[in-house]
1. Counting only residues that are closer than 21 Å to Pro359 by Cβ and of a type outside the set (Gly, Ala, Ser), how many does the stretch 267-300 have?
2. Which one of these does Ala255 not meet: (1) touching a residue at least 12 places away in the same chain (Cβ under 8 Å); (2) out of contact with any helix residue (DSSP H, G or I) (no Cβ under 6 Å at 6 or more places or on another chain)?
3. Does Val358 meet the test of being closer than 18 Å to Asp299 by Cβ and at pLDDT 95 or above?
4. Across the stretch 182-194, which residue is surrounded by the most Cβ atoms within 10 Å (Cβ to Cβ) among those that are out of contact with any Ser or Thr (no Cβ under 7 Å at 6 or more places or on another chain) and not β-branched (Val, Ile, Thr)?
5. Take the stretch 259-275 and flag every residue that is in a loop (DSSP other than H, G, I, E, B) and either touching a Leu at 6+ places or on another chain (Cβ under 8 Å) or surrounded by fewer than 16 Cβ atoms within 10 Å (Cβ to Cβ) (or both).
6. Residues Asp256, Asp228: which one is farther than 27 Å from Glu117 by Cβ, of a type in the set (Asp, Glu) and out of contact with any Phe, Trp or Tyr (no Cβ under 9 Å at 6 or more places or on another chain)?
7. Of all residues in the stretch 272-281, count the ones that are in contact with a strand residue (DSSP E or B) (Cβ under 9 Å, 6 or more places away or on another chain) and not small (Gly, Ala, Ser).
Amino acid sequence: MRHLARLARRASLARLVRLVRLVRLVRLVCSARPIRPSRLAHPSRLSRPARFGIAALAAGLATSGCSAGDAKPAAEQSAASAHGAASFASCGRQVSFAQPPGRAVALDQTSTETLLELGLQDRMAGTANLKTKIPAQYEAAYAKVPVIAPKIATGEQLRAATPDFVVAASTDLFTKDRAGTREELDALKVPTFVSAVDCPQQNPAGTTPFELLFSDYENLGKVFGAEDRAAWLVAAQRAAVAKAGEGAAKVPGGADRPTVVYLYSVFNGMPYVAGRTGLPSEMSRIVGAKNAFDDIGEDWPEVTWEEVAKRDPDFIVIGDLSERGRPGDSAAEKRAAMTAHPVVSRLAAVRDGRILQVPGIELDPSVRSVHALGLLADGMKDLGYAR
């Protein structure tokens with residue numbers, strides 16, 4: 001009996017030694033310095049072996065008791081979010097999540113494309129209010145998402161999708177005659193998200209529209225456990241903004257700073273241009289220009305052609321919204337309206353063809369806006385303003 005007892009004690013000791021070694025190994029792995037997202041390729045472009053390796057590592061660490069590091073793999077992040085770490089303010093309302101949403105609905109194209117860029121199409125139960133064609137890079141992912149309404153969704157259409165999270169670029173989609181108020185959806189235990197760009201007054205003073213967009217990506221990454229992908233997107237777009245601003249120092253300043261009018265639409269013969277609170281004013285600042293209508297505190301105010309002529313901009317940016325299909329939306333219609341006007345047609349910018357064209361939807365804050373910013377920076381160089 002004593003011999004059997006000694007054998008049992010030796011077996012227990014051997015198991016204890018193996019356990020100590022295992023704990024030491026886990027601590028070693030967990031203490032390894034993580035790779036920063038900015039040094040990684042885009043998550044969707046990783047090779048299959050790489051994705052498998054990351055998934056396997058995440059699964060192993062999730063069961064080994066590692067503490068959270070600076071940058072966690074996506075699978076581990078989802079597990080962390082599932083335990084209820086996501087809570088933040090969204091345009092004046094606190095939103096919290098016990099687990100990542102599985103039936104998110106995006107009420108507009110801007111929100112839809114943001115979620116698709118974050119690779120969240122499998123977590124979406126619906127989309128609505130498509131203004132233009134979905135870009136080629138999102139087509140396959142977009143095809144997986146049900147369209148609950150071709151235009152602005154009603155409360156009935158939204159509830160029929162049984163969402164557990166609703167995302168919108170602006171608060172005006174959350175009204176009683178549209179998707180329902182945020183208070184009504186809160187009462188149904190459905191959290192709502194509005195882009196920080198729509199409520200700059202509720203964010204730190206001086207935060208730029210692009211930085212507000214980046215905060216959207218980060219917060220949505222927290223909600224869905226997609227922090228790495230969100231970090232990659234923020235880093236890539238922040239680099240694009242910096243690149244667009246490289247030529248600003250070469251642009252004349254002061255009274256010689258070039259002025260620009262952004263022509264968004266022509267409705268019933270009247271021009272709609274970018275005002276001070278729209279994204280184009282910030283885009284102008286980044287590239288070293290000045291929005292000629294910075295004195296109007298609106299996003300897209302209606303003005304007169306005579307007022308455009310009075311501002312006499314050095315160049316004009318046309319937003320092409322031809323895919324939206326409304327009268328006066330296409331770039332061709334806007335050019336025709338300017339050349340046909342007896343006063344505007346005599347402006348040097350029109351007469352000399354100092355006109356740039358960008359996708360109109362990219363002049364509103366979205367995941368695609370850095371593309372329009374790049375076109376603006378390149379156009380400034382082509383026109384000779386960035387020497």
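The values are calculated or read from the model by the stated rules, or taken from the named source; none is laboratory data. A quick note: this is a predicted structure, and the numbers were derived from the prediction, not measured. Please note: Cβ atoms are built from the backbone with ideal geometry, for glycine as well, and neighbour counts cover all protein chains shown. Just the protein is used for accessible areas: all its heavy atoms, side chains included, with ligands, DNA and RNA removed. Shrake-Rupley method; radii C 1.70, N 1.55, O 1.52, S 1.80 Å.
1. 16
2. (1)
3. In short, yes.
4. The qualifying residue surrounded by the most Cβ atoms within 10 Å (Cβ to Cβ) is Pro191.
5. Residues satisfying the conditions are Asn268, Gly269, Ala274.
6. Going through Asp256, Asp228 in turn, the sole match is Asp256.
7. Within the stretch 272-281, residues that are in contact with a strand residue (DSSP E or B) (Cβ under 9 Å, 6 or more places away or on another chain) and not small (Gly, Ala, Ser) number 4.
For (1) open to solvent by 50 Å² or more (accessible area, probe 1.4 Å); (2) assigned to a helix (DSSP H, G or I), each residue gets a yes or a no:
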| site | (1), (2) |
| --- | --- |
| Val197 | no, yes |
| Ala205 | yes, no |
| Tyr217 | no, yes |
| Leu220 | no, yes |
| Ala230 | no, yes |
| Val234 | no, yes |
| Arg238 | yes, yes |
| Val241 | no, yes |
